[in-house]
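One structure is given here, and the rest of the page talks about it.
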Amino acid sequence: MMNLRACKTCHSITDQATKCPRCGGEVSREWQGYLVVIDPEKSEIARKMGIHAAGRYALRVK
Ligand SMILES: [Zn+2]
């Protein structure tokens, strides 16, 4: 988990060091909160965050 980064744009968690594989946005090592979305339509947090795809996300990204 130490080497994982989170996208500043879509909050997706990735092991890519340069940019987000999902949206091409900038990634950051400074993120907090680990969220696994399995079914975005049924997840209230996912809806609030505007997440429309299953995956791993960070709650906060600096
Ligand atoms: Zn992204």
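FYI, it's all coordinate maths here, none of it is from the lab. Predicted model, so just to flag it, every value in this text is computed and none were measured. Reconstructed Cβ throughout: ideal geometry from the backbone, glycine too, with neighbour counts over all protein chains shown.
Identify, from the list Val61, Val37, Val27, the residue that is in contact (Cβ under 8 Å) with a residue 40 or more places away in the chain and surrounded by 13 or more Cβ atoms within 10 Å (Cβ to Cβ). When all the criteria are applied, what remains is Val61. Filtered by the rule that a residue be within 15 Å of the ligand (Cβ to nearest atom) and either acidic (Asp, Glu) or touching a helix residue (DSSP H, G or I) at 6+ places or on another chain (Cβ under 9 Å) (or both), segment 11-39 gives His11, Asp15, Glu26, Leu35, Val37.
Listed by first and then second residue, the pairs linking a residue in segment 4-18 that is on the phi < 0 side of the Ramachandran plot to a residue that is in a loop (DSSP other than H, G, I, E, B) and among the polar types (S, T, N, Q), with Cβ atoms under 8 Å apart and 6 or more places separating them unless they lie on different chains, are Arg5/Gln16; Asp15/Asn3.
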